[in-house]
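**Student:** First the structure, which I've put down as structure tokens, then a few questions once you've had a look.
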Amino acid sequence: MSGVAQILVVDDEPEIAELLRRYLSLQGYAVSTADGGVAMRRVMADAEIDLVLLDLGLPGEDGLALMRSLRESSSVAIIVVTGRGEPVDRIVGLEVGADDYVTKPFDVRELAARVRSVLRRTKEAAAKSQEAVQMDVARFAGWTLHLGARRLESPEGKPVDITTGEFELLATLVKSPGRVFSRDELLEATRNRGAGPFDRTIDVQVGRLRRKIEADPQRPELIKSVRGAGYVLTPKVERA
């Protein structure tokens, strides 16, 4: 990411799309809009988008399908902005790969703050990746996490797709194996904020990570839950 951040608002409600376009433009961002998947892909083919504000309730190909498509081909930051406020919708959105989740109606100032937070994390991640050419590597239970290159390899040496949030979570655990981290500590380390009373962001991300690295995600041996406390990485970690 360099220069002015490029934001794409994907929403089929013209009033909301225009509100966000005008407000975020005043905050110094370059903002484009799209009313669905076809328009979204057209914009992304022509511009290097840094963050997508994505509505879930779109006609035709809905927002979840679009997010799955984006996650298969891109690491672009995604904030879901939707009227679906049920906990299950939030969990599904985070599981599919959203970096944050905002429900309608929303305060544009809060949304702008979340945009700044996600873009800052994305920019920091890109900077770390560029400056860390040196091989800072952590190995555990056959897995290899390249901390500098921000890459995960399976015990067979194959690359494993991992989102920015998943990497930050795993890197935090790997740097202090055997230490129990609370959800608040993990949220602070990965998203620069604490957990709300019903915030399951970390639980969702741990579940996604387990499905990628555990032999049996239902009986995890690498990332274990500690009742009432949080999560811990149990295997020995070797650093190179």
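The values are calculated or read from the model by the stated rules, or taken from the named source; none is laboratory data. This one's a predicted model, so the numbers in the text were calculated from it and none came from an experiment. Backbone-built Cβ (ideal geometry, glycine too); neighbour counts: all protein chains shown.
**Student:** With closer than 28 Å to VAL237 by Cα, polar (S, T, N, Q) and either surrounded by fewer than 17 Cβ atoms within 10 Å (Cβ to Cβ) or free of Cβ contacts under 8 Å to residues at least 40 places away in the same chain (or both) as the only criterion, which of THR122, THR82, THR144, THR163 stands out?
**Tutor:** THR144
**Student:** Criterion first (of a type in the set (Asp, Glu), closer than 19 Å to ARG208 by Cα and either crowded, with 18+ Cβ neighbours inside 10 Å or outside the structural domain of ARG227 (by TED's automatic domain parsing) (or both)) does ASP100 satisfy it?
**Tutor:** Answer is yes for this residue.
**Student:** A further question on this structure: Out of (1) crowded, with 20+ Cβ neighbours inside 10 Å; (2) without any contact (Cβ under 8 Å) to a residue 24 or more places away in the chain, the odd one out for GLU72 is which?
**Tutor:** For GLU72, the failing item is (1).
**Student:** Right, next: Filter region 200-240 down to residues that are part of a loop (DSSP other than H, G, I, E, B) and either polar (S, T, N, Q) or surrounded by 11 or more Cβ atoms within 10 Å (Cβ to Cβ) (or both), then give me how many there are.
**Tutor:** 11
**Student:** Mind listing whichever residues of region 46-76 are farther than 17 Å from THR33 by Cβ and within 13 Å of the chain's Cα centre (by Cα)?
**Tutor:** Across region 46-76, the qualifying residues are MET67, ARG68, ARG71, SER74, SER75.
**Student:** Specify the residue that is modelled with the lowest pLDDT; the eligible residues are those in region 183-202 that are within 17 Å of GLY97 (Cα to Cα) and of a type outside the set (Lys, Arg).
**Tutor:** Selected residue: ASP199.
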